[in-house]
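Read the structure below first, then the notes.
The values are calculated or read from the model by the stated rules, or taken from the named source; none is laboratory data. Computed from a prediction, not measured in an experiment: that's the story for all the values here. Neighbour counts are summed over all protein chains in view; Cβ atoms, including those assigned to glycine, are modelled from backbone coordinates with ideal geometry.
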Amino acid sequence: MNDMTNARLAVIGLGRMGIRHVLAARELGIPIAGLYDQDNRVAEQVANDLNVNGSAVFKSADALMETSGANILAVATTANAHFDYVMAGSRAGFSHILCEKPMAVSVAQCEEMIERCKESQTLLGVNHYSRFTKRFELLERMLSSSSMGQITSMTSVAGNIGLAMGVSHYIELFRILAHERVSEVRFLSDPMTESNPRGQQFIDPAGRLLATTGSGQRMYIEFGPDQGHGVTSIYSAKYGQIFLNDLTGAGAYTQRLPVDQDLPLTRYGCDADEGPLLIEIEDVVSVTGLVWKALLEGKGFPTGEDGLYVVSTLAAAELSAKLGGIAVHLGADLDRQAAFNWA
């Protein structure tokens, strides 16, 4: 399938992200062939609210997969169910599956999902949509320019966004800005003071994370459980910095004048070219639609391997916290079977 003319979407899990998949499909002109939520009343309410034909509502995921006539699938449940539904969808013959993040609750599950989809020739994507945002486009353009230079570090301070729910976005954003994967993670977690909004059974740590690539690029995120507002980031490069409110898109930049670029880096107070920035922050529906479009076209979408990398980084962070914040290397250090209670 290289276009959307024959696509028919089924959505499993109808919380906020499931609804966004329905709305994104509608914007792309893709019919909704199946809706399922473990709470049947939720599925019926969503269909009613979004004017989806009641015949698209199914009482079980098995029935949806067997009789809906859908050929593409969005898995938008909590993370603990991603593995089962992606595996079932690949066996049921869906041509394309887009899974929400985190992709699964263990490294081993991600690896098995990828292998199963390859065997069934199912194209598997994970909804890490950072590459489709205006924020990424501007940061990539500025940080690849000779006047700013490639990113050296990304430092973010946030409210209690959660390791899996919030920090996973920054792990992916840092990878595509740095053009390199993290090789080492240190994470100090803090005791949680409030229940997870998705249910008391879920645990999504807060704390301080430092991740480093093989060439020395750094990502540091401070997201303590006692912080309840905002996300701001500083993107630093050899010759300058970009300051950004990641929720509103308001920010500023500062960079050395070209005439000063050959001076030692210890001359950090040189005269500067600087000014304001304002980046459009798209709604999640529109960027999810862009992920679907790329997946259906078969190019440029966030792959299962990209989702595996993020989960591997999260697993390394969890292990680091368990060991008191020591450095954990992605790879041999990881317990691939370890499962986490992420939402």
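Only one residue in ALA61, ALA108, ALA56 is farther than 25 Å from GLY298 by Cβ, in contact with a Lys or Arg (Cβ under 8 Å, 6 or more places away or on another chain) and not assigned by TED's automatic domain parsing to the domain that holds ILE171, so which one is that?
On the way: ALA61 fails: in contact with a Lys or Arg (Cβ under 8 Å, 6 or more places away or on another chain); ALA56 fails: in contact with a Lys or Arg (Cβ under 8 Å, 6 or more places away or on another chain).
None of the others qualify; the one that does is ALA108.
Identify, please: which residue in the range 109-144 is part of a helix (DSSP H, G or I) and among the hydroxyl-bearing types (Ser, Thr, Tyr) and is, among those, surrounded by the fewest Cβ atoms within 10 Å (Cβ to Cβ)? Break it down into steps so the answer makes sense when it comes.
Of all residues in the range 109-144, those part of a helix (DSSP H, G or I) come to 109-120, 130-132, 134-143.
Okay, now just the ones that are also among the hydroxyl-bearing types (Ser, Thr, Tyr), so 120, 130.
Details: SER120: 17, SER130: 20.
The residue in question is SER120.
Tell me, which helices (runs of 4 or more DSSP H) lie completely within the range 5-83 with 2 or more residues that are without any contact (Cβ under 8 Å) to a residue 12 or more places away in the chain and closer than 18 Å to LEU124 by Cβ? Outline the logic, then answer.
On the way: elements: 16-28, 40-49, 61-67.
Qualifying helices (runs of 4 or more DSSP H): none found.
I need a count of the residues in the range 233-249 that are under 21 Å from the mean Cα position of the chain (by Cα) and in a loop (DSSP other than H, G, I, E, B).
Of all residues in the range 233-249, those under 21 Å from the mean Cα position of the chain (by Cα) come to 233-235, 244-249.
Next cut, in a loop (DSSP other than H, G, I, E, B) only: 246-249.
Matching residues across the range 233-249 total 4.
So how many residues does the range 199-232 have that are in a loop (DSSP other than H, G, I, E, B), under 27 Å from ALA81 (Cβ atoms) and not aliphatic (A, V, I, L, M)?
So in the range 199-232, the residues in a loop (DSSP other than H, G, I, E, B) come out as 199-205, 214-217, 224-230.
If we keep only those that are under 27 Å from ALA81 (Cβ atoms) too, we end up with 199-205, 225.
Restricting the remaining residues to those that are not aliphatic (A, V, I, L, M) gives 199-202, 204-205, 225.
Result for the range 199-232: 7.
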In the range 99-108, residues that are assigned to a helix (DSSP H, G or I) and out of contact with any Leu (no Cβ under 8 Å at 6 or more places or on another chain) total 1
